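The values are calculated or read from the model by the stated rules, or taken from the named source; none is laboratory data. All of these numbers come straight from a predicted model, not from anything done at the bench. Glycine gets a Cβ as well: all are built from the backbone with ideal geometry, and neighbour counts include every protein chain shown.
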Amino acid sequence: MKAIPHIIYTIFLFSLVLTGVSVSAADKTELHHGIAMHGTPKYAPGFTHFDYVNPDAPKGGEVRLGAHGTFDSLNPFIPKGNAAEGIGLIYDKLTVHSADEPFSEYGLIAEKIELPADRSWIRYHLNPAARFHDGQPITADDVVFSFNILMEKGSPMLSSYWAGIESVKALTKSSVQFDFKAGVNRELALIIGQLSVLPKHIWENRDFSKADLQIPVGSGPYRIKSIDPGRSIRYERVDDYWAKDLAVNKGRYNYDILHYDYYRDAVVMLEALKAGQIDYRYENSSKQWATGYASKALDEGSLHQNEIPHQNSAGMQGFAMNLRRDLFKDIRVRKALALAFDFEWANKNLFYNAYARSKSYFDNSELASSELPQGRELEILQPFKQQLPASVFNEVFTLPATDASGHNRQYLRQAKKILNEAGWQVKNNQLTNSNSGLVFSFEILLVSPAFERIVNPYVKNLQKLGIDVTVRVVDVSQYINRRRRFDFDMLVHSMGQSQSPGNEQHDYWHSSVADVEASRNIMGVKDPVVDELVKMVIEAPSREELVYRTRALDRVLLNKHLVVPHWHTTKHRAAYWDKFGQPEIAPIYDAVHSAGFFTWWIDPVKAQSINTYRSATTR
């Protein structure tokens, strides 16, 4: 990194003295264009664009997209309401995450980043060109206001995510400093850069905690053009967007109009795509991917199905059990329930063999545990040996693997034996607790009717054990509210993971948030060993140590049998009409449901051809 010229640094120190900020010799640092979690960022100072974009991509055109359910809020930061799809596009953050590195952040609103070697604080020097959509400059006061109001009234996930921040203060109109609490938390210097900066002059006179449809003022590449409450929302690209020529934005956000239409039914949404009412769709269902796209447009090449490889950590999806319910407190019960799920049969008969079984909370990455613990991972686990089940140390975590015939007798017998040992016996064809007389009965909560075909075979296997299971499908709003309140027995839950786990693990697993409404500790995990391992992951001093500590956490979580693991794929499944241009390189760590979509653009020639084709086929 290039050092700050001496005279400039002297002036900077003098300005801090005038603002009452003391600076020691140890605080002398360089200004950075970007920072990495470990090591140095891939892109050097002066880089012109990310490798996975076309910097000369044309701007223009309209894209129609589909969204499931409905929306009743334009505030995505609070634990109330259903926020509109795409609303995050109207806000800029202090920094930008690159999608081809495990975890590096580059300046956006923050033109330069300053921090000491121990990362005990961080200063952001704001770009003087940064503006909100109403023309007001973005200042350090806006940053301070945004952090404070999000910590006070935002989602509990944010207050947990940023819990290690001691204070924030505006040093000057264009520089702001975050001080961190004692301890090692290297990630804080990166994740606070993900703060969406809100306009203080707007929100200080509004009720931030209210979910409503009053159009907010942002600073990002798009602004809201119009809304049809609950049915659709349109965004327009901001022509005079202050950051459009920055290296981190070159080749991105190329569409003039983004139009989201809401659909109550996923099947109807797919038909809308085939009818040309939607331009792009990210597909989650293997059945739909295999059979649902058959059409003349697909045969003739006007509609594409494309599988785009990625290297994202697969995370974990599964039937999540609510440990707040007495029924699921016994680990033996949870283990037995996992034995009743026949993945191999489902993969063959329902998924067209599209998936691999998930055997880790960090699948598809080097962070996943495997085999028996050894070396550094074993050293990490050893101090907790008396508090952990022996299986953590002497058994390789495995899941049942059937012959896909649908006859799961072997594992159902094992499940029955475990349940008997836990005090459950079948009486009058019902699994009953020998001590309390309680009948084993619970509900599986779903938000999509399409998932019933997957749940029903699992329910039949549970019924063979004498378990009374009901399946309840509710609308999106009810589902979100019940999940926020932890008002469920079992539900389908996805825990996304990044290539660089850190502070978000606190909100996933820590005891302190288990009973905090709307936290992401969905299962209600309360375990001192997990708490300590989460702390170790957050404090990992190097990439190598992070890998070992994450594997240790993964192994402990797996042996707690918190979920009945599902499956994953290592490819994005995207279907789209042949109107887009795409960069030569796809971002390997791009978010799920994106597949690099915001680096694409509308090709005018292709778009005209598609419009002609659609017109001809709808006559």
Discussion item. Condition (residue is surrounded by fewer than 19 Cβ atoms within 10 Å (Cβ to Cβ), on the phi < 0 side of the Ramachandran plot, within 20 Å of the chain's Cα centre (by Cα) and outside any strand (DSSP E or B)) applied to segment 575-583: is it met by at least one residue?
Written reply: no
ARG223 meets each of (1) outside any strand (DSSP E or B); (2) under 26 Å from the mean Cα position of the chain (by Cα); (3) under 27 Å from TRP203 (Cβ atoms) with one exception, condition (1)
By residue number, the members of segment 389-440 that are of a type in the set (Ser, Thr, Tyr) and free of Cβ contacts under 8 Å to residues at least 60 places away in the same chain are THR398, THR432, SER434, SER436
Filter segment 441-472 for residues that are among the basic types (Lys, Arg) and in contact (Cβ under 8 Å) with a residue 12 or more places away in the chain; the one that is farthest from ASP265 (Cα to Cα) is LYS464
Counting only residues that are over 16 Å from LYS560 (Cβ atoms), loosely packed, with under 13 Cβ neighbours inside 10 Å and not aliphatic (A, V, I, L, M), segment 387-416 contains a total of 7
Considering residues that are crowded, with 19+ Cβ neighbours inside 10 Å and either farther than 22 Å from ASN75 by Cβ or at pLDDT 90 or above (or both), the number found within segment 159-170 is 4
The condition of being in a loop (DSSP other than H, G, I, E, B), basic (Lys, Arg) and closer than 29 Å to GLU101 by Cβ holds, among ARG520, ARG549, ARG555, only for ARG520
Original post:
Is it true that some residue in segment 455-468 is modelled with pLDDT under 95 and touching a Lys or Arg at 6+ places or on another chain (Cβ under 9 Å)?
Top reply: no
Next item on the list: May I ask you to verify whether LEU213 is surrounded by fewer than 19 Cβ atoms within 10 Å (Cβ to Cβ) and under 25 Å from the mean Cα position of the chain (by Cα)?
Entry: yes
Residues in segment 474-492: is at least one outside any helix (DSSP H, G or I), touching a Pro at 6+ places or on another chain (Cβ under 9 Å) and either among the aromatic types (Phe, Trp, Tyr) or within 26 Å of ALA83 (Cβ to Cβ) (or both)?
no
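Just to be sure I understand, how many residues within segment 459-487 are within 27 Å of the chain's Cα centre (by Cα) and not aliphatic (A, V, I, L, M)?
12
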Quick count over segment 121-152, residues being buried (at least 19 other Cβ atoms within 10 Å of the Cβ) and either at pLDDT below 95 or in a loop (DSSP other than H, G, I, E, B) (or both), is 6
query: Can you find a residue in segment 65-74 that is surrounded by fewer than 18 Cβ atoms within 10 Å (Cβ to Cβ), of a type outside the set (Lys, Arg), farther than 21 Å from TRP242 by Cβ and out of contact with any Phe, Trp or Tyr (no Cβ under 9 Å at 6 or more places or on another chain)?
result: yes
Of the candidates TRP577, TRP600, the one satisfying the condition of being closer than 30 Å to HIS304 by Cβ, in contact with a helix residue (DSSP H, G or I) (Cβ under 7 Å, 6 or more places away or on another chain) and in contact (Cβ under 8 Å) with a residue 60 or more places away in the chain is TRP577
Flagged in segment 185-220 as in contact with a strand residue (DSSP E or B) (Cβ under 6 Å, 6 or more places away or on another chain) and farther than 14 Å from GLY154 by Cβ, in numbering order, are LEU188, ALA189, LEU190, GLY193, ILE215
TYR43 meets each of (1) in contact with a Phe, Trp or Tyr (Cβ under 8 Å, 6 or more places away or on another chain); (2) of a type in the set (Ser, Thr, Tyr); (3) farther than 30 Å from VAL176 by Cα with one exception, condition (3)
Being assigned to a loop (DSSP other than H, G, I, E, B), among the basic types (Lys, Arg) and touching a residue at least 24 places away in the same chain (Cβ under 8 Å), is that true of even one residue in segment 167-190?
-> yes
Given the conditions (1) buried (at least 20 other Cβ atoms within 10 Å of the Cβ); (2) under 30 Å from ALA540 (Cα atoms), every one holds for PHE486 apart from (2)
Of (1) under 24 Å from the mean Cα position of the chain (by Cα); (2) at pLDDT 95 or above; (3) assigned to a loop (DSSP other than H, G, I, E, B), TYR235 satisfies every one except (3)
Per the list (1) hydrophobic (A, V, I, L, M, F, W, C); (2) part of a helix (DSSP H, G or I); (3) modelled with pLDDT under 95; (4) crowded, with 19+ Cβ neighbours inside 10 Å, residue check on ALA616 breaks on (4)
Flagged pairs (Cβ under 6 angstrom, 6 or more apart or on separate chains; first in segment 548-563, more than 27 Å from LEU327 (Cα to Cα); second of a type in the set (Gly, Ala, Ser)) are ARG549/ALA540; ARG551/SER369
Considering segment 493-512, residues that are of a type in the set (Ser, Thr, Tyr) and in a helix (DSSP H, G or I), and then whichever is surrounded by the most Cβ atoms within 10 Å (Cβ to Cβ), we arrive at TYR508
Q: Please work out if ASP100 is outside any strand (DSSP E or B), under 28 Å from PHE50 (Cβ atoms) and either acidic (Asp, Glu) or not assigned by TED's automatic domain parsing to the domain that holds ALA44 (or both).
A: yes
The one condition ASP554 fails out of (1) out of contact with any Ser or Thr (no Cβ under 7 Å at 6 or more places or on another chain); (2) at pLDDT 95 or above is (1)
- prompt: On the given criteria, is VAL529 more than 29 Å from ASP590 (Cα to Cα), in contact with a helix residue (DSSP H, G or I) (Cβ under 8 Å, 6 or more places away or on another chain) and either crowded, with 21+ Cβ neighbours inside 10 Å or aliphatic (A, V, I, L, M) (or both)?
  reply: yes
Note on VAL267: of the conditions (1) touching a residue at least 24 places away in the same chain (Cβ under 8 Å); (2) surrounded by 14 or more Cβ atoms within 10 Å (Cβ to Cβ), unmet is (2)
